[in-house]
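Structure, as structure tokens:
The values are calculated or read from the model by the stated rules, or taken from the named source; none is laboratory data. The structure displayed is predicted, hence computed values, not measured ones. Cβ atoms come from the backbone with ideal geometry, glycine included; neighbour counts cover every protein chain shown. These accessible areas exclude ligands, DNA and RNA; they are computed on the full protein's heavy atoms, side chains included. Shrake-Rupley method; radii C 1.70, N 1.55, O 1.52, S 1.80 Å.
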Amino acid sequence: MSNSTTEQKYEPGKHPSMPPPFKTRGIMLWLRENLFSSPTNIVLSLLAIYFLYKVLPGVLDWTLFDAAFVGEDRNACKAKAGGACWAFIGERLRLFTYGFYPEAERWRVNLAFLMLVLSCIVLLWENCPLRKPLMGFVALFPFAAAFLLVGGNGVKLLVALACIAVVLMLVYKGFSSLFVMIIAITAAVLAKIIFFGGFQLPFSDLQIQGLVDLDQYDQLNLKKVSTDLFGGFMLTLIIGVTGIAFSLPIGILLALGRQSNLPIVKYACVVFIEFIRGVPLITLLFVASTMLSYFLPPGTTFNLLIRVLIMVTLFASAYMAEVVRGGLQAVHRGQSEAADALGLKYWPSMRLIVLPQALKISIPAIVNTFIGLYKDSTLVIVIGLLDPLGIGRASLADTKWNGLTNEVYLFVAIFFFISCYAMARYSLYLENKLHTGHKR
Amino acid sequence: MNNTENNISATGRALGDSTIEIREMHKWYGEFHVLRDINLDVKSGERIVVCGPSGSGKSTMIRCINRLEEHQKGDIIVDGVELTNDLKNIEAVRREVGMVFQHFNLFPHLTVLENCTLAPIWVRKQPKAEAEATAMKYLERVKIPDQALKYPGQLSGGQQQRVAIARSLCMSPKVMLFDEPTSALDPEMIKEVLDVMIELAEEGMTMICVTHEMGFAKTVADRVIFMDEGQIIEENEPEQFFNNPQSERTQLFLSQILAH
């Protein structure tokens, strides 16, 4: 095909840069290229359009146009319209959000949620103004949130926060980690003895008395709320955020441990990973709720929620370890060799060279694990914690509203979809941002 | 060290004491005996080219010098430090020995400048500003200061290898090891890397270079070492080595590579 009339010829080396062919502009062109480019494509597109035409109106009618948004009970809803009865969800919205958290204390949950949103912004948005000082806030957030949600003595919390802040500052100043660790442990033990009352040394009758009774300072006390009352989306977020925050670092350590040259470390990690992966999460949750108290010394009571958090985190960590291991193996051996040759020791070489690349490769799989963990949090229903599905099931038992299964599950599904889709989008954004080669 | 008086190299320069001493070194990969009775003395300021057919153990030998590979028998002493299982010694040696790899092994997630400042900051504990100034100095020497803020993936192979050389130089090493630095390059980029290496050699850097670039060997080497099947077969000044090779194996090798 030669139409030399339109295509000018150039001397070798004189060909100017030209814009790419005019191909991907205009709606019609886009349609032709993407929907109707081949016979198969045309058939599939037409089928899809027909399917949407048949299904979409019904779905929209049920969810929106014929739906009732107000009403006293099921019958009032159905009398009004034939669609969904969102009035039910409206009435139960607070229950779905807070579980049975006491009405008067719910501001604490809201405040904790606000802090979570702020922490996420600081962590995830790299150009956030004042990011460095705000990172301190993020580090203290878990403690503050736990205090807000559970309640208790505020002075103790402040003391604990101060200790942590001091340790963080020491680390930031660049003291050797061993030194900081010794200081931290000493400070923790001293703080425990001085402020938090005494404790009994293990395996002996020696009792150490506390010096200051903090309970007399009750201005800062928040009313204690039993974790049995936690429920709904709040519970999902607590389990999800805790699991996500801890499973990644634990998973990284397990993955590194599995590659270690030290046989004890290596096999401990292998056994842990394989055991946890080989057992269903539900079994672990049952173990958490009943068996653990047999294994632990008599008298030690562990809050059920904390046991669940530990189990969910460990479960996700085992998966995370394998995901990270895959990433580690994908990093070329030459990378750690170059780091070795430059004189970097093991930890700096891992932290600065190998892990950033391994984690970047594993982003899709890591987020996949996060999403799985987040959704698995609904399994806590089997040991009696009231996650959104549990609340939904309880609500369905209400005779005033019975039979509204679709509304409840659709509502819960939308909540999960929004959070999981947000995670998926963020992971895509992150992959793009970390891409440092030639952009396609 | 028993060698106190200065030696004179093939090119007439004064050479210092031994920087690297390898004595009766052997290495096995499992059952396979890769390196057999290697003896090598490298004086400070000396430039050594190692050549030989592939699989002859050249790379393995120089990788033993900074302990990327472990030797099982014999001694390797670098800059007065003996390489043993002691991590302290290994780290001390690696701080003083720079290495340039066949496939560059730049860190793709860091900019060129960050590649160069990483080790000075984390190993030598230099302040960032100082490390960056040094890095820019060496990037200028390898003639790519304008690429400092790009990522390695955006550079050509020749540029990447020059960055890798600059990255090693930023640690001010006493010895530079080159492991086939031009083998992965397109022909037109080989020269720009060799030019940098020749310049480095002329400034008196102690170098051990595994390469098939015989032109480079003739120009700068004080000694050429020929290896085959894990042994050092022949060791001579470049002129003698190329014009009057002693062993039959060397003659065969030279006739094969110089025929092209």
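Counting only other chain Cβ atoms within 10 Å of each residue's Cβ, the peptide B:148-154 averages 2. Here the spin labels are modelled as points 7 Å beyond Cα on the Cα-Cβ line, and at B:Glu70 and A:Gln8 they lie 6.8 nm apart.
Quote the charge dipole size of the range A:393-440 about the Cα centre in Debye, to the nearest 20; the model charges only the Cβ of Lys and Arg (+1) and of Asp and Glu (-1). Let's see the in-between values first.
Working: 6 positive and 3 negative charges, 67 e Å.
For the range A:393-440, the charge dipole is close to 320 debye.
What average number of partner chain Cβ atoms lie no more than 10 Å from the Cβ of the residues making up A:330-341?
Numbers: counts 0, 1, 3, 2, 6, 5, 2, 8, 15, 7, 7, 18.
Mean partner shielding for this stretch: 6.
Within the shell defined by Cβ-Cβ distances under 14 Å, the residues around B:Ile233 carry a net charge of -2, with Lys and Arg each +1 and Asp and Glu each -1.
Which percentage, to the nearest 5, of the DSSP beta bridges contained in the protein assembly as shown is antiparallel? The antiparallel fraction comes to roughly 60 percent. Once the C-beta distance of A:Phe415 and B:Asp41 is scaled by a Förster radius of 56 Å, the resulting FRET efficiency is 0.15 to the nearest 0.05. For B:Asp228, the residues whose amide H sits under 5 Å from its own are B:Ile233, ignoring neighbours fewer than 5 places away on the same chain, with H placed 1.01 Å from N. Name the shape class, rounded, prolate or oblate, that the alpha-carbon gyration tensor gives for the protein assembly as shown, where a ≥ b ≥ c are the square roots of its eigenvalues, rounded holds for a/c under 1.5, and otherwise prolate holds if a/b is larger than b/c and oblate otherwise. Oblate shape, in that a/c is at least 1.5 and b/c is the bigger or equal ratio.
Within straight-line reach of A:Lys433, meaning a Cα separation under 19 Å, sit the following aspartates and glutamates at least 8 residues removed in sequence or on another chain: A:Glu126, B:Glu114. Of the GluC sites (Glu not before Pro) in the range B:120-213, the ones in a loop by DSSP (not H, G, I, E or B) with at most 11 other beta carbons within 10 Å are B:Glu203.
Sequentially through the range B:37-44, phi angles give Karplus couplings (6.51, -1.76, 1.60; θ = phi - 60°) of 6, 8, 10, 8, 10, 10, 7, 4 Hz, Gly and Pro residues having no value and appearing as x. Taking 7 Å steps out from each Cα toward its Cβ at A:Leu111 and A:Arg94 produces label points 1.9 nm apart. Calculated mean residue ellipticity at 222 nm for the protein assembly as shown: -17500 deg cm²/dmol, from DSSP H runs with n ≥ 4 weighted as -39500 (n - 2.57), summed, divided by the residue count and rounded to 500.
In this structure, A:Ala139 and A:Phe302 have a Cβ-Cβ separation that, at R0 = 22 Å, corresponds to a calculated FRET efficiency of about 0.30. Between the amide H of B:Arg223 and those of B:Arg47, B:Val49, distances stay under 5 Å, these residues lying 5 or more places away or on another chain, with hydrogens modeled in the peptide plane. Per-residue Karplus couplings for the range A:427-433, computed as 6.51 cos²θ - 1.76 cosθ + 1.60 with θ equal to phi - 60°, are listed in order as 5, 5, 4, 5, 4, 4, 5 Hz, Gly and Pro entered as x. Would you please state which residues of the range A:375-392 a label at A:Val279 would reach in this model, taking the label point 7 Å out along Cα→Cβ and a backbone N cut-off of under 20 Å? Backbone N within reach: A:376-385. The accessible area of A:Thr405, taken with all protein chains in place and a 1.4 Å probe, comes to roughly 60 Å².
Shown for the range B:92-115: residues covered by the partner protein chains by 40 Å² or more of accessible area relative to the chain by itself (probe radius 1.4 Å), namely B:Arg94, B:Asn105, B:Phe107, B:Pro108, B:His109. 5 Å is the cut-off here: which amide hydrogens, built 1.01 Å from N in the peptide plane, fall below it relative to B:Met99, excluding neighbours closer than 5 in sequence? Amide H neighbours of B:Met99, under 5 Å, 5+ apart: B:Leu177.
With the simple model of a label 7 Å out from the Cα in the direction of the Cβ, B:Ser247 to A:Phe286 spans 7.1 nm.
Taken across both chains, chains A and B shield about 2000 Å² of accessible surface from a 1.4 Å probe.
Can you give me the % of accessible surface on the protein assembly as shown that is carbon or sulfur? Probe 1.4 Å, all protein chains present, nothing else counted. Walk me through the intermediate numbers first.
Numbers: 23670 of 38360 Å².
C and S atoms contribute 62 percent here.
Annotation: for a label point projected 7 angstrom from Cα along Cα→Cβ of A:Arg351, residues of the range B:117-137 with backbone N closer than 13 Å are B:122-123.
Of all aspartates and glutamates in the structure, those lying under 15 Å Cα to Cα from A:Lys80, and not within fewer than 8 positions of it along the same chain, are A:Asp61, A:Asp66, A:Glu72. Note that the range B:50-60 has calculated 3J(HN,Hα) couplings of 10, 10, x, x, 5, x, 8, x, 4, 4, 4 Hz, one per residue in order, obtained from phi through the Karplus relation 6.51 cos²θ - 1.76 cosθ + 1.60 (θ = phi - 60°); glycine and proline are x.
Restricting attention to the range A:258-412, the count of lysine pairs at 8 or more positions apart or across chains with alpha carbons under 25 Å apart stands at 4.
When A:Trp107, A:Trp401, A:Trp62 are compared by accessible area of protein heavy atoms, the largest-first order is A:Trp107, A:Trp62, A:Trp401, using a 1.4 Å probe. Report the FRET efficiency, 1/(1 + (r/R0)^6), for A:Val166 and B:His103, where r is their Cβ-Cβ distance and R0 is 60 Å, rounded to 0.05. E(calc), rounded to 0.05, equals 0.85.
Here's the list of aspartates and glutamates a cross-link from B:Lys27 could span, going by alpha-carbon distance under 15 Å and ignoring same-chain residues fewer than 8 apart: B:Asp37, B:Glu69, B:Glu70, B:Asp75, B:Asp228, B:Glu229.
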